[in-house]
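K.L.:
Following this message is one structure expressed as structure tokens.
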Amino acid sequence: MILKIKKNTAFIASSLPILLSFAGCGGLVRGDIADAPETTTSGKILSLAVLAPSGHNTQPWTVRMNSATEWVVGWERTRSLPAVDPENRELLLSIGAFCEAASVAASAYGFSADIRTVAKTNFDDRLVELRFAQSTPSGSMIETLKKRRTIRKGIRPQTISSADREFISKNVRAKIFFFDRDSAQGRVIEKAVFESNVVQANRIEAVKELSAWIRWNDAEAARMRNGLTPESMEITGFPGLYVRHFYKPQDVLTDSFKQSSIDTVKDSLSSYGCWIVIVTDDSSPKELVSAGGDFLRIGLAAQQRSVAIHPMTQPLEEIGFSEKLTSDLGIKKPIQFILRAGYAGAYSDPASVRMNIKDVIK
Ligand SMILES: Cc1cc2nc3c(=O)[nH]c(=O)nc-3n(C[C@H](O)[C@H](O)[C@H](O)COP(=O)(O)O)c2cc1C
């Protein structure tokens, strides 16, 4: 979710001296809270694994290290999203992205990772066992892991070239569809994304949950190190300055915020190249973890080709949309991700914050 901030001009005028004193200062970004480098290989791998994407950036993963090479990945209840993700479907996808990031990081240090989903349900304490074994180091993707980010603004209207589509889908195990924005299927997805966003913006539990995960000011972002920040939502410049200093959690519950959210979705849908849809055989924990891994790989490949990836998950969260989409698109299997995509206007350094790994280890 990203926001278009409507400026209250009278208020801004009266606050101008304060605002000017902050002018030019961007909000907190990931690099501002960098930790000291890890010294052990497992610490290095874990500090790269946590760069994985997660819904609302809750970073729901936990790790128990039975040994440096045997990890058990679980989840933290207080970092789940019951209002928008009551079945923990998206949580399992985030866990899959985390495990894949661990695997990609490990390969740079000469280890291969076996990712074994052990969960029978999406709510089991133990979700995945990760085992690392020595192998020949493969080309390092560490820089790409560090640079990957969600891009929501400034996506160009051109579609993604067939060479880049091939590159992006290369290592994907799930079924992946590309639908151009102006195709019949593209229009069906666009309509579902817009309408589901309107439904969600009116669903108070979802809005309250979102509000609890937005870190409006830098001090809170630096303390919590998770959730969405103005910079990560690409609210920069003057609007960023304004929200960082004056926005409060309760502002998210107002009608003007609701309208801003809907306007932002309209803006997003006015420029992009195509939709990427990820589909699995079923929605078992194993398939979800695997699809989360695919999502990470898509993000890494996209980063290398300056392609922006913006998940727009609301049709998969609001009742009725998913079933209608699978039927309208003629896809008979469950959709796990709907990604707005296209060439990025700018690929700036990642802004979203990450927790310290000591708070991830159980
Ligand atoms: C399962 C899942 C669902 C997501 N859904 C959305 C979404 O609906 N809208 C959005 O703007 N971002 C969505 N995201 C992106 C996250 O907000 C983003 O990964 C997180 O804030 C961390 O930022 P980063 O990807 O730049 O590292 C989703 C990510 C995941 C893994």
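The values are calculated or read from the model by the stated rules, or taken from the named source; none is laboratory data. Because the structure is a prediction, the values reported are computed rather than measured. Here Cβ is always computed from backbone atoms with ideal geometry, including for glycine, and neighbour counts include all displayed protein chains. When the accessible area is computed, the model is the full protein with side chains, heavy atoms only, and any ligands, DNA or RNA have been set aside. Shrake-Rupley method; radii C 1.70, N 1.55, O 1.52, S 1.80 Å.
K.L.:
Hey, if we sort Glu220, Glu166 by accessible area with the 1.4 Å probe, largest down, what's the order?
P.N.:
Heavy-atom accessible area, descending, gives Glu166, Glu220.
K.L.:
Which residue fluctuates most in the GNM of the chain (Cα springs below 10 Å): Gly299, Gly330, Gly31?
P.N.:
Among Gly299, Gly330, Gly31, the largest GNM mean-square fluctuation belongs to Gly330.
K.L.:
P(r) for the range 25-64, please, calculated from all Cα pair distances in 10 Å bins and given in %.
P.N.:
22, 49, 26, 3
K.L.:
Still on this model: Over all pairs of distinct alpha carbons, what does the Kirkwood formula give as the hydrodynamic radius of the range 107-187, in Å?
P.N.:
Over the range 107-187, the inverse of the mean reciprocal pair distance is 16.8 Å.
K.L.:
If R₀ is 35 angstrom, what is the calculated FRET efficiency for the pair Thr69 and Arg305, using the beta carbon separation as r and rounding to 0.05?
P.N.:
Between Thr69 and Arg305 the formula returns 0.60.
K.L.:
Related question: For Lys153, what is the net charge nearby, where nearby means another residue's Cβ is under 9 Å from its Cβ and Lys, Arg count +1, Asp, Glu -1?
P.N.:
-1
K.L.:
By the scheme Lys and Arg +1, Asp and Glu -1, what is the net charge of all other residues having a beta-carbon under 12 Å from that of Asp294?
P.N.:
The answer is +2.
K.L.:
Compute, for His245, the solvent-accessible surface of its heavy atoms (probe 1.4 Å) with the complete set of protein chains present, and express it in square angstrom to the nearest 10.
P.N.:
70 Å²
K.L.:
Then there's this: Residue-wise, which Karplus ³J(HN,Hα) couplings in Hz belong to the range 88-98, taking 6.51 cos²θ - 1.76 cosθ + 1.60, θ = phi - 60°, and x for glycine or proline?
P.N.:
Along the range 88-98, the couplings run 6, 5, 5, 4, 5, 5, 5, 4, x, 5, 4 Hz.
K.L.:
Could you put Tyr242, Tyr272, Tyr343 in order of accessible surface area, largest first, with the 1.4 Å probe and the full protein assembly present?
P.N.:
Tyr343, Tyr242, Tyr272
K.L.:
Beyond 17 Å, what share of the Cα-Cα pairs of the range 218-262 is found? Please give it as a whole percent.
P.N.:
35 percent
K.L.:
Let me ask something additional. Where does the Debye-calculated log10 I(q)/I(0) of the chain sit at q = 0.07 Å⁻¹, using only Cα point scatterers of equal weight, no solvent?
P.N.:
Debye intensities relative to I(0), on a log10 scale: -0.29.
K.L.:
Turning to a different aspect of this structure: Can you give me the relative contact order of the chain as a percent, contacts being Cα pairs under 8 Å and 6 or more apart?
P.N.:
Reported as a whole number, the value is 28 percent.
K.L.:
What part of the accessible area of the chain, given as a whole %, is carbon or sulfur when the probe is 1.4 angstrom?
P.N.:
Heavy-atom surface of the chain belonging to carbon and sulfur, 1.4 Å probe: 53 percent.
K.L.:
Go through 229-238, 333-342, 315-324, 134-143 and give me the packing order, highest mean Cβ count within 10 Å leading.
P.N.:
333-342, 229-238, 315-324, 134-143
K.L.:
Separate question: Given points 7 Å out from each Cα along the Cα-Cβ axis, report the Val188 to Gln250 separation in nanometres with one decimal.
P.N.:
Going by the 7 Å Cα→Cβ label model, 4.5 nm.
K.L.:
Kindly state, to the nearest 0.05, the FRET efficiency for Ala222 paired with Asp349, given R0 = 22 Å and r defined as their beta-carbon distance.
P.N.:
0.80
K.L.:
Now for a separate question. What is the calculated FRET efficiency for Lys324 to Glu205, with r their C-beta to C-beta distance and R₀ = 25 Å, to the nearest 0.05?
P.N.:
So, using R0 = 25 Å, E works out to roughly 0.65.
K.L.:
Right, something else. So what is the orientation-averaged projected area of the range 72-225, using the convex hull of its C-alpha atoms, in nm²?
P.N.:
12.4 nm²
K.L.:
Along Cα→Cβ, 7 Å out, is where each label goes; now give me the distance between the ones at Asp124 and Thr39 in nm to one decimal.
P.N.:
3.7 nm
K.L.:
How many Å² of accessible area per residue for the range 255-305, probe 1.4 Å?
P.N.:
I get 31 Å² per residue for this part.
K.L.:
Note down the Stokes-Einstein diffusion coefficient of the range 270-362 in µm²/s, whole number, using a Kirkwood radius over alpha carbon pairs, 10 °C, and 1.306 mPa s.
P.N.:
In µm²/s, the coefficient rounds to 104.
K.L.:
Fully extended, how many nm does the chain gain between Gln134 and Cys25 (0.36 nm per residue separation, minus their Cα-Cα distance)?
P.N.:
Full extension from Gln134 to Cys25 adds 34.7 nm.
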